[in-house]
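Let me begin by presenting the structure, written as structure tokens, before commenting on it.
The values are calculated or read from the model by the stated rules, or taken from the named source; none is laboratory data. All values derive from a computational prediction rather than experimental measurement. Glycine also receives a Cβ, built like all others from the backbone with ideal geometry; neighbour counts cover every protein chain displayed. All accessible areas refer to the heavy atoms of the entire protein, side chains included, with ligands and DNA or RNA removed. Shrake-Rupley method; radii C 1.70, N 1.55, O 1.52, S 1.80 Å.
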Amino acid sequence: MVIIVYILPFTDFSKVFSQFDQINRGRTNFTQLFDDELTSKEVCGLDFCSLYLSVEYQSPYTIVLEGKLLRLAEDTIGYITNDLIWKGVDMLKEVGYIIDSVQLSGFGTETNPYTYHIIMSRAVNSTSVTE
């Protein structure tokens, strides 16, 4: 019995490892990332900032964000523009997502406020601009 072992000569291991990076990047938990960097009480100043930015759907190549048009802010009476959702969009743009569609739902009432739904995608073969 003869066993032949053939070793492939790789001259650029970064191409091999970049494929693993794409797999791991597709598994980023953006709900947790947003909580850590945007909506936690320590960052936002309020206990309920996660109500103003949430991930409705996430896959490796598509993400749908939901956020109210207006939000309460620390040391402010009344509502201000919800900048948290746009900060979340910027974070997603940094890793290669682009905006496909922005939809607005709701009636602008206290019980049914205006709500953004932002659909973003990333090409199957895209790479992060930070790599």
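Mind checking whether some residue in segment 57-70 is within 23 Å of residue 103 (Cα to Cα), of a type in the set (A, V, I, L, M) and either at pLDDT below 80 or assigned to a loop (DSSP other than H, G, I, E, B) (or both)? First the steps, then the outcome.
Here is the first cut: in segment 57-70, the ones within 23 Å of residue 103 (Cα to Cα) are 57-70.
From what is left, the residues that are of a type in the set (A, V, I, L, M) are 63-65, 69-70.
Now narrow it down to the ones that are either at pLDDT below 80 or assigned to a loop (DSSP other than H, G, I, E, B) (or both): 69.
So far as segment 57-70 goes, yes, one or more of its residues are within 23 Å of residue 103 (Cα to Cα), of a type in the set (A, V, I, L, M) and either at pLDDT below 80 or assigned to a loop (DSSP other than H, G, I, E, B) (or both).
Residues of segment 32-45 that are within 10 Å of residue 88 (Cα to Cα) and under 11 Å from the mean Cα position of the chain (by Cα): 33, 34.
Among the residues of segment 75-88, the one identified as surrounded by 10 or more Cβ atoms within 10 Å (Cβ to Cβ) and among the acidic types (Asp, Glu) is 83. Selection of segment 63-94 for residues being among the basic types (Lys, Arg) and in contact with a helix residue (DSSP H, G or I) (Cβ under 8 Å, 6 or more places away or on another chain) yields 68, 71, 87.
Residues considered: 55, 43. Of these, the only one that is touching a strand residue (DSSP E or B) at 6+ places or on another chain (Cβ under 7 Å) and open to solvent by 20 Å² or more (accessible area, probe 1.4 Å) is 55. Identify, please: which residue in segment 114-128 is modelled with pLDDT of 90 or more and either open to solvent by 30 Å² or more (accessible area, probe 1.4 Å) or part of a strand (DSSP E or B) (or both) and is, among those, farthest from residue 65 (Cα to Cα)? This residue is 114. Before we move on, is residue 62 among the β-branched types (Val, Ile, Thr), touching a residue at least 12 places away in the same chain (Cβ under 8 Å), surrounded by 11 or more Cβ atoms within 10 Å (Cβ to Cβ) and within 15 Å of residue 44 (Cα to Cα)? Taking the combined requirement at face value, the residue does not satisfy it.
Of all residues in segment 39-56, those satisfying the criterion of being β-branched (Val, Ile, Thr) and either outside any strand (DSSP E or B) or modelled with pLDDT under 75 (or both) are 39, 43. Residue pairs whose Cβ atoms lie under 7 Å apart, sitting 6 or more positions apart in sequence or on different chains, and linking a residue in segment 96-119 that is closer than 17 Å to residue 58 by Cβ to a partner that is small (Gly, Ala, Ser) and not in a loop (DSSP other than H, G, I, E, B), are 97/121; 98/121; 100/121; 116/67; 117/105; 119/101. Scanning segment 65-112 for residues that are touching a Lys or Arg at 6+ places or on another chain (Cβ under 9 Å) and more than 25 Å from residue 45 (Cβ to Cβ) yields 95, 96, 97, 98, 99.
Among the numbered conditions (1) in a loop (DSSP other than H, G, I, E, B); (2) open to solvent by 90 Å² or more (accessible area, probe 1.4 Å), the only one that residue 109 does not meet is (2).
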